[in-house]
Amino acid sequence: MHLTNPQLNDHGELIHLLSLDGLSREIIHDILDRAVPFTAMAECAVKKLPLLRGKSIFNLFFENSTRTRTTFEIAAKRLSADVINLNINTSSAAKGETLLDTVDNLAAMQADMFVVRHASSGAPYLIAQHLATTGRNHIHVVNAGDGSHSHPTQGLLDMYTIRHYKRDFTQLTVALVGDILHSRVARSQLHALVTLGVPEIRLVGPKTLLPAAAARMIEKGPLRVCHDITEGLKGADVVMTLRLQNERMQGALLPSPQEYFKSYGLTPEKLALAKPDAIVMHPGPMNRGIEIDSAVADGKQAVILPQVTFGIAVRMAVMSMLAGGGQ
Amino acid sequence: MHLTNPQLNDHGELIHLLSLDGLSREIIHDILDRAVPFTAMAECAVKKLPLLRGKSIFNLFFENSTRTRTTFEIAAKRLSADVINLNINTSSAAKGETLLDTVDNLAAMQADMFVVRHASSGAPYLIAQHLATTGRNHIHVVNAGDGSHSHPTQGLLDMYTIRHYKRDFTQLTVALVGDILHSRVARSQLHALVTLGVPEIRLVGPKTLLPAAAARMIEKGPLRVCHDITEGLKGADVVMTLRLQNERMQGALLPSPQEYFKSYGLTPEKLALAKPDAIVMHPGPMNRGIEIDSAVADGKQAVILPQVTFGIAVRMAVMSMLAGGGQ
Amino acid sequence: MHLTNPQLNDHGELIHLLSLDGLSREIIHDILDRAVPFTAMAECAVKKLPLLRGKSIFNLFFENSTRTRTTFEIAAKRLSADVINLNINTSSAAKGETLLDTVDNLAAMQADMFVVRHASSGAPYLIAQHLATTGRNHIHVVNAGDGSHSHPTQGLLDMYTIRHYKRDFTQLTVALVGDILHSRVARSQLHALVTLGVPEIRLVGPKTLLPAAAARMIEKGPLRVCHDITEGLKGADVVMTLRLQNERMQGALLPSPQEYFKSYGLTPEKLALAKPDAIVMHPGPMNRGIEIDSAVADGKQAVILPQVTFGIAVRMAVMSMLAGGGQ
């Protein structure tokens, strides 16, 4: 079990957050439950709790992402941790040091947590394994996005959002629309949606972004592939729009942004196919007029900004679970 | 009133600091009064007050300025706020997100204040208006310099400096020397000097930097244009030198730095035309040997470094007024 | 005395840390003694002490070094200081401001300490002297590496490491291996080793990196030059490997990394020449396979990661000595 799921210790407790794959329904709900009180912080005059006071959290960003780094930084500071930001591409890496030597050095500075963003899938796993083999399991690793693999805190905040608005996962029809093939967000969402018992999950996108071979492998259990958006959105309770990851695509998978918008961009007309009380989600940053129409992004069904607020709370929950001591 | 002056609420209280235009003499003096106790902090062993504890202040710098960012960061930290620095040019903006989407996202992270620096005039206004129309007036905006429009905290620290050394504004002759046309600092200074009742304000500079058309529009009330520096400095109580904004000028407005120095650079000889107890100010960073001679910059009449110290205190005053609660 | 050693005040107390040259054995041991309790922090749940609460520490990095900046930032935060990071190459320097004007400005922000990294040897001295001549000796300067001159906190953490493992300096044979000519680390180590009474210090490297003229000047007291590594390592208690500073070398001083590794790279075979309980040190970041073999870097005799841990403690000791008040 230790080998197959390095993010749990021998007692089944979370020690790292690397992926939503392998996390039980109980653990996911536990994290979401812990996030609830943190969402109420906005009403507090003093948005500060001492749960991580005196802890050293390193934001190790091997890939630039101001937005994600900011969410972790604000979450850590509200828990009173000391936060150190490191953009590694411009530092030791340039001097020829290996990833694991960099990690060893920062660990030797008595780190308590590494929040890791990396362009290569698996980098946070590699770091967690290395910490385990060198006897430093007391340092926690949180995956803040690795390649096209996983982005677990994004997945968790999406689940928080769905639970907040829809309560019961087991009656829902959820449509994921867009570039599912390249999206670590989609992977994290799918793991969680399946684990939480969503009975119908539709993967909606063009064949170039969801090829036949992949579609055949994916279609099982609650998962269903729809290349036609009318079919995909019909009667949905939740519409999760994905960002068109232009920067991650190689070659000409797409005709043009205009054509993509025409076929798959979420307009009020297309949204009308879903249930009247369907919610619309987007992980940000949005490409308005490409994957989503401004009328939808700013419309009543959009819960895109609450997602951001819940994201801070979920990250506070994860960080305080891992490093807060005495769970 | 709300429309014409979005920085005041319906009770006439300051909720944003966007510009000194439209601020009354009472409000300006109120800010300066509040800054007084903060200047005494240097003598404290612990330069830290809990006025903004648990508040989240985002330094949104769409234009790089380490110096200005540092003054706001140190002011916020001395008030115990959590400070998040964002250089936006390298982040979401590059991913195609709009300014207002970026603002919405950061607001959703339960921000309390945005300190905004932007190359475009009016950006902080735009942000403040957007926050108002989306019902989030509890988030405060401080303009840290927008295009060639305004730099209100610089204007306020200049007024603090003049009041500190000269007490009464209503008896003063103030000379602004240099590139008034391109200077947001000059604009902020002029608004404040007029509001505070300075009877004679001289705008001193070459015709290329202060063309006839502009000069005609400007010359009213206490304002007077002087292209000859001898005339401009004669009997002045305060000499405010401006930085030659090479980076903001387009085309060949100036002959050469050497010629500029010869005509308008503040030397001891030229300064001797002013009153013997005249003070010399500069917003920094200085171009020694261009707009100011080192003998003046380092001389007894210079109050350039006290301006910096007062600048921290004034920023603490503004921040605590806006977000400190219970005004 | 004031002139010859600006880092001590008239009572012989440390007010700046600029170089290990001129520091007495007593002062060095005093710093190391003060670091001891800070190394125990790893076992504390709350790694935070209030010694520098309300102090403003500016990390002035005129040369990029994420690793060194991080060690000072974490040390300062564990002492509860407010830390401001400034990468100066991208800011005021670009606007034509002089080094001393930048320093004056930051000093006017009521700084308590400058941690200075600069590509030019002597820059921290220049800053300390300027603060003295302008009557601001209450602001402390810590040299975080200046050109090829000095890196005193690195030298101190190396001495801490040797004392930790070997206790008595006066019985030791220490070998420094590598690019001694270009290394500010080596200079700092040599000053400290001589001061602390090490009876035999061997400088081991190729003639290109330690030319005859330099070698003749160096060989005195305990210092001995060895171009042959067998001779250099024989019976050593401490082997200090230096990083091959490719980025600091001009011209073709070296044949190739492969040839360098063959002659001077620390392999298990070469290390076997030293005493069986010899320790291996490296200042990081390591070039594995160039100056050190992975089998040695990861072997039982390596104390490279403890060096990093001790480095935080030593920096906390220096910072709290200088600015902690009541010495």
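Just a few scattered comments:
- Criterion: crowded, with 22+ Cβ neighbours inside 10 Å, touching a helix residue (DSSP H, G or I) at 6+ places or on another chain (Cβ under 8 Å) and under 21 Å from B:ALA186 (Cα atoms) - qualifying residue of B:LEU60, B:LEU23, B:LEU52: B:LEU23
- Scanning the range B:268-292 for residues that are more than 23 Å from B:LEU157 (Cβ to Cβ) and buried (at least 16 other Cβ atoms within 10 Å of the Cβ) yields B:LYS270, B:LEU273.
- Taken together, the criteria place B:ASN137 among residues that are under 30 Å from A:ASP298 (Cβ atoms) and surrounded by fewer than 19 Cβ atoms within 10 Å (Cβ to Cβ).
- Complete set of residues in the range A:125-144 that are of a type in the set (Gly, Ala, Ser) and modelled with pLDDT of 95 or more: A:ALA128, A:ALA144
- Selection within the range A:107-136: residues that are in contact with a Leu (Cβ under 7 Å, 6 or more places away or on another chain) and closer than 21 Å to C:ASP293 by Cα. The member of this set that is farthest from the other protein chains (Cβ to nearest Cβ) is A:HIS130.
- Yes/no for C:GLU26 being away from every other protein chain (no Cβ under 12 Å), over 20 Å from B:VAL83 (Cβ atoms), touching a residue at least 24 places away in the same chain (Cβ under 8 Å) and out of contact with any Ser or Thr (no Cβ under 8 Å at 6 or more places or on another chain): no
- Counted residues, the range C:50-75 - those being small (Gly, Ala, Ser), within 15 Å of C:GLY324 (Cα to Cα) and more than 7 Å from every other protein chain (Cβ to nearest Cβ): 1
- Residue in the range B:148-156 that is of a type outside the set (Ser, Thr, Tyr), over 23 Å from B:VAL239 (Cβ atoms) and surrounded by fewer than 23 Cβ atoms within 10 Å (Cβ to Cβ) present: yes
- Within the set C:ALA236, C:ALA215, the sole residue that is of a type outside the set (S, T, N, Q) and modelled with pLDDT of 95 or more turns out to be C:ALA236.
- Close Cβ contacts (under 8 Å, 6 or more residues apart or on different chains) running from residues in the range A:285-308 that are on the phi > 0 side of the Ramachandran plot to residues that are assigned to a helix (DSSP H, G or I) comprise A:GLY289/A:PRO257; A:GLY289/A:PHE261.
- Scope the range B:26-47; condition of a type in the set (D, E, K, R) and either crowded, with 18+ Cβ neighbours inside 10 Å or under 19 Å from the mean Cα position of the chain (by Cα) (or both); matching residues: B:GLU26, B:ASP30, B:ASP33, B:ARG34, B:LYS47
The values are calculated or read from the model by the stated rules, or taken from the named source; none is laboratory data. A quick note: this is a predicted structure, and the numbers were derived from the prediction, not measured. Counting neighbours? That spans all protein chains shown, and the Cβs are built from the backbone with ideal geometry, glycine included.
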